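The values are calculated or read from the model by the stated rules, or taken from the named source; none is laboratory data. Predicted model only: the values in this text are computed from it and were never measured. Neighbour counts are summed over all protein chains in view; Cβ atoms, including those assigned to glycine, are modelled from backbone coordinates with ideal geometry. The accessibility values were calculated without ligands, DNA or RNA, using every heavy atom of the protein model including side chains. Shrake-Rupley method; radii C 1.70, N 1.55, O 1.52, S 1.80 Å.
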Amino acid sequence: EEVLDGDFHIEEVVDWPGINIKLGQVSGLALDPEYNLVIFHRGDHVWDENSFDSRFVYQQRGLGPIEQNTILVIDPSNAAVLHSTGKNLFYLPHGLSIDKDGYYWVTDVALHQVFKLGAHDKAPLLTLGMALQPGNDKNHFCQPTDVAVDPITGTIYVSDGYCNSRIVQFSPNGMFIMQWGEETSSGTPKSGQFLIPHSLALIPDFAQLCVADRENGRIQCFRLETGEFTKEIKHKSFGRELFAVSYVPGGLLFAVNGKSYPGDVEPVQGFVMNFSTGEIIDTFVPVRKNFEMPHDIVASEDKTVYVGDAHARTVWKFVSSEKMEHRSV
Ligand SMILES: O=C(N[C@@H](O)C(=O)O)c1ccccc1
């Protein structure tokens, strides 16, 4: 297929007005069944060094939940806000994914919870974790980062989290099934060890789940059924941190890395990889503004890619250049 060889290039759609949408810290992006872009952002709340104590207990409850709508549904072509929801529910939004039935699955690192929401509902349909109580067992998370739902079985996978190092598997109705993963010990990180499992990409074609193992600067993939390690994808150009992954049926894996530390040579950028070989096919950066903390990435089958930035508080749209050429003709 032509996209898996060298002539594949991703470029920003520089006339897409979405970068002007007024947003808080953008934490999660997803596409709904109509290919609308859905943005999960923090409104007027921010995650900074005062947000948690040393035991990961959220310190800013007094602020109350975010009063703005934290979930925006955006028209992919003209970036119009089609629908917004999610006010007075969350304290620190993090991950967002949308299942094949169009339900939203979100995580909140302050509440240490995972929620299933209908696109037009106010109250969650399912809640996992105990509000504001960090923990590490069958019904407590610690700053859970993302959710992925198997389109075939409905099985729920949660990446948990900043202060745990595991992937937790639940049945479609939220019963704990099993977990895998452990803290990274000193020395070279081993397979199945994590240092902030930060983002999930479910790979239906290969029955695998890939995890952005953020502070280990790598992607690890596992068998959906068993949690058995299948492969690691790691490149020097990732630098120290790999923040997010997104898979497109047909074999492409997209990712964004973390901002460079002073003295690092690897720039902050997006990556397009061949899932099967792990090879990098292309890298990309925005033309307008700069990546500051690209926090999530989502891609669709037609190679449209969105990146959301928690520090730049913006979302960019990218497309593959051959598509761009048709557009320019
Ligand atoms: O990583 C951090 N935040 C991001 O992931 C995010 O989700 O905003 C963070 C780390 C230390 C202090 C405050 C924030």
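Could you check how many residues of segment 203-222 are open to solvent by 10 Å² or more (accessible area, probe 1.4 Å) and at pLDDT 95 or above?
Residues in segment 203-222 being open to solvent by 10 Å² or more (accessible area, probe 1.4 Å) and at pLDDT 95 or above: 7 in total.
Quick one: is ASP99 closer than 28 Å to TYR247 by Cβ, of a type outside the set (A, V, I, L, M), away from the ligand (no atom under 15 Å from the Cβ) and touching a strand residue (DSSP E or B) at 6+ places or on another chain (Cβ under 7 Å)?
In short, yes.
Identify the residue in segment 16-41 that is more than 20 Å from ASP99 (Cβ to Cβ) and touching a Phe, Trp or Tyr at 6+ places or on another chain (Cβ under 9 Å) and, among all such residues, is farthest from the ligand (Cβ to nearest atom).
Among those residues, the one meeting the criterion is TRP16.
In segment 257-267, is there at least one residue being in contact with a Phe, Trp or Tyr (Cβ under 8 Å, 6 or more places away or on another chain), at pLDDT 95 or above and closer than 20 Å to TRP16 by Cβ?
no
Considering segment 42-60 alone, what residues qualify as being surrounded by 11 or more Cβ atoms within 10 Å (Cβ to Cβ) and either of a type in the set (Gly, Ala, Ser) or within 11 Å of the ligand (Cβ to nearest atom) (or both)? I'd like the intermediate steps shown before the answer.
We begin by selecting, within segment 42-60, every residue surrounded by 11 or more Cβ atoms within 10 Å (Cβ to Cβ); these are 42-43, 45-47, 51-52, 56-60.
Once the filter is applied, which keeps residues that are surrounded by 11 or more Cβ atoms within 10 Å (Cβ to Cβ) and either of a type in the set (Gly, Ala, Ser) or within 11 Å of the ligand (Cβ to nearest atom) (or both), segment 42-60 yields ARG42, GLY43, HIS45, VAL46, TRP47, SER51, PHE52.
Just to be sure I understand, how many residues within segment 14-23 are crowded, with 19+ Cβ neighbours inside 10 Å and of a type outside the set (Phe, Trp, Tyr)?
Number of matching residues: 3.
In segment 80-114, which residue that is hydroxyl-bearing (Ser, Thr, Tyr) and in a strand (DSSP E or B) is nearest to PRO17 (Cα to Cα)?
SER84
Which strands (runs of 3 or more DSSP E) does segment 223-329 wholly contain that include 3 or more residues that are buried (at least 23 other Cβ atoms within 10 Å of the Cβ)?
The qualifying strands (runs of 3 or more DSSP E) are 242-248, 252-257, 270-274, 294-299, 305-309, 314-320.
Would you mind stating whether LEU200 is under 30 Å from LYS87 (Cβ atoms), within 16 Å of the ligand (Cβ to nearest atom), at pLDDT 95 or above and open to solvent by less than 20 Å² (accessible area, probe 1.4 Å)?
Values: under 30 Å from LYS87 (Cβ atoms): yes; within 16 Å of the ligand (Cβ to nearest atom): yes; at pLDDT 95 or above: yes; open to solvent by less than 20 Å² (accessible area, probe 1.4 Å): yes.
Yes; evaluated as a whole, the condition is true for this residue.
Inside segment 221-265, can you point out the residues that are without any contact (Cβ under 8 Å) to a residue 12 or more places away in the chain and of a type in the set (S, T, N, Q)?
THR226
Scanning for something in contact (Cβ under 8 Å) with a residue 12 or more places away in the chain, closer than 26 Å to GLU11 by Cβ and within 16 Å of the ligand (Cβ to nearest atom), does segment 269-290 turn up at least one residue?
Within segment 269-290 (the criterion being in contact (Cβ under 8 Å) with a residue 12 or more places away in the chain, closer than 26 Å to GLU11 by Cβ and within 16 Å of the ligand (Cβ to nearest atom)), the answer is no, since none of the residues qualifies.
Being surrounded by 21 or more Cβ atoms within 10 Å (Cβ to Cβ), under 19 Å from ALA30 (Cα atoms), away from the ligand (no atom under 16 Å from the Cβ) and not polar (S, T, N, Q) narrows it down to one residue among ALA119, ALA148; which is it?
Working: ALA119 fails: surrounded by 21 or more Cβ atoms within 10 Å (Cβ to Cβ).
Sole residue among the options that is surrounded by 21 or more Cβ atoms within 10 Å (Cβ to Cβ), under 19 Å from ALA30 (Cα atoms), away from the ligand (no atom under 16 Å from the Cβ) and not polar (S, T, N, Q): ALA148.
Need pairs with beta-carbon distance below 7 Å; first residue open to solvent by 10 Å² or more (accessible area, probe 1.4 Å) and within segment 87-114, second modelled with pLDDT under 95; sequence gap 6+ or separate chains.
Pairs that qualify, where the first residue is open to solvent by 10 Å² or more (accessible area, probe 1.4 Å) and the partner is modelled with pLDDT under 95, are GLY102/ALA119.
Have a look at PHE238, PHE229, PHE243 and point out the one that is touching a Gly at 6+ places or on another chain (Cβ under 6 Å) and within 15 Å of the ligand (Cβ to nearest atom).
Exactly one residue qualifies, and that residue is PHE243.
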